[in-house]
1. Testing Leu420 on (1) more than 22 Å from the chain's Cα centre (by Cα); (2) crowded, with 19+ Cβ neighbours inside 10 Å; (3) more than 21 Å from Lys522 (Cα to Cα), one condition comes back false. Which one is that?
2. Just checking, which of Asp101, Asp118, Asp133 is touching a Cys at 6+ places or on another chain (Cβ under 7 Å), among the acidic types (Asp, Glu) and farther than 25 Å from Asn158 by Cα?
3. Could you tell me whether any residue of segment 342-356 is surrounded by fewer than 24 Cβ atoms within 10 Å (Cβ to Cβ) and more than 20 Å from the chain's Cα centre (by Cα)?
4. Output the residue which, of all residues in segment 357-400 that are among the aliphatic types (A, V, I, L, M), farther than 18 Å from Met216 by Cβ and in contact with a Ser or Thr (Cβ under 8 Å, 6 or more places away or on another chain), is surrounded by the most Cβ atoms within 10 Å (Cβ to Cβ).
5. Take the residues in segment 68-97 that are part of a loop (DSSP other than H, G, I, E, B) and aliphatic (A, V, I, L, M), then tell me which one is surrounded by the most Cβ atoms within 10 Å (Cβ to Cβ).
6. Just checking, which of Ile140, Ile100, Ile61 is over 21 Å from the mean Cα position of the chain (by Cα), among the β-branched types (Val, Ile, Thr) and assigned to a loop (DSSP other than H, G, I, E, B)?
7. In the list Ile262, Ile266, Ile245, which residue meets the criterion of being β-branched (Val, Ile, Thr), closer than 30 Å to Cys121 by Cβ and either in contact with a Leu (Cβ under 9 Å, 6 or more places away or on another chain) or in a loop (DSSP other than H, G, I, E, B) (or both)?
Amino acid sequence: MRDLQLPGRSVVHGINGAAATSHPMSTLAAIDILRAGGNAVDAAVAACAVQCVVEPMSTGIGGDCFALLQKGGEGEVIGLNGSGHAPEGLKADDLLAEGIDRIDLLSPHSVTVPGAIDAWCRLLEDHGRFGIDRVLQPAIDYAENGFALTPRVAHDWNRMTDKLSGDPNTKRIFLNGGGAPTVGQQYRLPELAETLKAIAAEGRAGFYDGANAEDMVTYLQSVGGKHSLDDFAAQQCEYVTPIRITYRDRELLEIPPNGQGITALIMLNILSGFDLSGMDPTSIERLHLAIETQRLAYETRDKYVGDPRQADVPVDMLLSSQLADSLRAQISMDKARGKNDAGAGPVYRDTVYLTVVDRDRNCCSFINSLFFGFGSGLTAPKTGVIFQNRGAGFRVEPGHPNCIAPRKRPLHTIIPGMALKDGRCDLCYGVMGGGFQPVGHVQVLTNVVDYGMDIQEALDAPRVFHVSDRVEVERGLGEDVLAGLSALGHETGRPDMPWGGGQGIQVDWENGTVAAGSDPRKDGCALAY
């Protein structure tokens, strides 16, 4: 139990079900759906749709989603990859001929076809009780009639004013022609409301066909994109078999590549050879080990991971004990490894992760994203859809498994997680924050498994992340930690914003209850009933 004399949150317990998201309105929408007779899938899509309105820098219908689902706490876990592809007309050789050797974050070439709506409709059709028309109603209401900005949302929105000013449609819709909205201010997104109404009435066709698709494609072409109506019509999510490893007495499941969930599994395979429970959770020893493990796993990810539909990704080798042994042998507990680019790249902390467990113990782990905050910053004028910049995750490097190619999906950072014990969902969770996510998955799981924390304690714990050859340490860890890591050869510093955010639900099968937690780094909450 937490120290009640210190600031913090208690884990939330319930019998019938629970939801945890990074926004209160989203959590409430999920609980309302559950109490009305919907299941975990219905509630997850409803909650995510709300966040596409009230937290538009972090997610949107112009982005992608992934999901893991175990129905009734038994049987195989279902994985859904809802990532979009590059346009048919976009080729690496053409980009290189134009002098483009990397895809800019604000370029129309960074816009991959949005996969979220296709995935939502598929999940609801195959596994939900309610239709898309019903589950979109809360989001439509907020977009049409207004919502109040919460503190973290307002802060992130304000930080992106320059980006939002770069496109006239984006400026008009998300800045109201002026500055960013402030905490407590009401805001409306009428164009998005009309698009959501079309999807509610027509389903998938309301987005990928007809007038809405024409608006999006015409706009993208006008700013230099290679997109076509055929590219939008061809978008199709894919059911996938989750990849998994055993860590202590749990199995951790992730979506396979093109996602980066395999990175978390590589990290856990390495850590399985160490006795973490014998280390203090905030000790220099444990943190150094986590950093070195991350660097090795991210180097491996960047070398091998791409879209398996167009590249050979050696999943079995990457999850093998032989690879784990080889990587583990490179770790010295006395000093940091030499400099490398593991975890390097632009820093971003956007995306929404949410989780729902219902009375029948359908367990849904769900994540949706625009990649960077407000994605590409490019917005279609009539639909109000702001597009993701997921294509910036491609390389322009022929022969590399993650090189951009027609209808190819990029290396994807968003990863839902699920841990099983004795074949049943024990923990349904995720940690958002771009490239940080595998580190977050590993930290939260080891906090639960090795240190016996409940899900709220595991999410609250302070975080470190190796990025751009520097270890950034949250303020929850003192100066002594920075000094200790520096003594081992790590360059250290403080991040300007906290690392990620996360949610989780633990299922207590013996007592017939659920326990939910929500990360204090965001505005959200967990609710159970």
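The values are calculated or read from the model by the stated rules, or taken from the named source; none is laboratory data. Just so we're clear, the structure is a prediction, and the values are computed from it rather than from any experiment. Glycine gets a Cβ as well: all are built from the backbone with ideal geometry, and neighbour counts include every protein chain shown.
1. Result: Leu420 passes all but (1).
2. Details: Asp101 fails: touching a Cys at 6+ places or on another chain (Cβ under 7 Å); Asp133 fails: touching a Cys at 6+ places or on another chain (Cβ under 7 Å).
After applying the criteria, what remains is Asp118.
3. Within segment 342-356, not a single residue is surrounded by fewer than 24 Cβ atoms within 10 Å (Cβ to Cβ) and more than 20 Å from the chain's Cα centre (by Cα).
4. My answer is Ile367.
5. Checked segment 68-97; the qualifying residue surrounded by the most Cβ atoms within 10 Å (Cβ to Cβ) is Ala86.
6. Working: Ile140 fails: assigned to a loop (DSSP other than H, G, I, E, B); Ile61 fails: over 21 Å from the mean Cα position of the chain (by Cα).
Selected residue: Ile100, the only one of Ile140, Ile100, Ile61 that is over 21 Å from the mean Cα position of the chain (by Cα), among the β-branched types (Val, Ile, Thr) and assigned to a loop (DSSP other than H, G, I, E, B).
7. Values: Ile266 fails: closer than 30 Å to Cys121 by Cβ; Ile245 fails: closer than 30 Å to Cys121 by Cβ.
Exactly one of Ile262, Ile266, Ile245 is β-branched (Val, Ile, Thr), closer than 30 Å to Cys121 by Cβ and either in contact with a Leu (Cβ under 9 Å, 6 or more places away or on another chain) or in a loop (DSSP other than H, G, I, E, B) (or both), namely Ile262.
Here's the yes/no breakdown for (1) without any contact (Cβ under 8 Å) to a residue 12 or more places away in the chain; (2) buried (at least 19 other Cβ atoms within 10 Å of the Cβ); (3) farther than 18 Å from His441 by Cα; (4) not β-branched (Val, Ile, Thr):
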site: His288; (1), (2), (3), (4): no, yes, no, yes
site: Glu292; (1), (2), (3), (4): no, yes, no, yes
site: Arg301; (1), (2), (3), (4): no, yes, no, yes
site: Pro308; (1), (2), (3), (4): no, no, yes, yes
site: Pro314; (1), (2), (3), (4): yes, no, yes, yes
site: Leu318; (1), (2), (3), (4): no, yes, no, yes
site: Asp325; (1), (2), (3), (4): no, no, yes, yes
site: Asp334; (1), (2), (3), (4): no, no, yes, yes
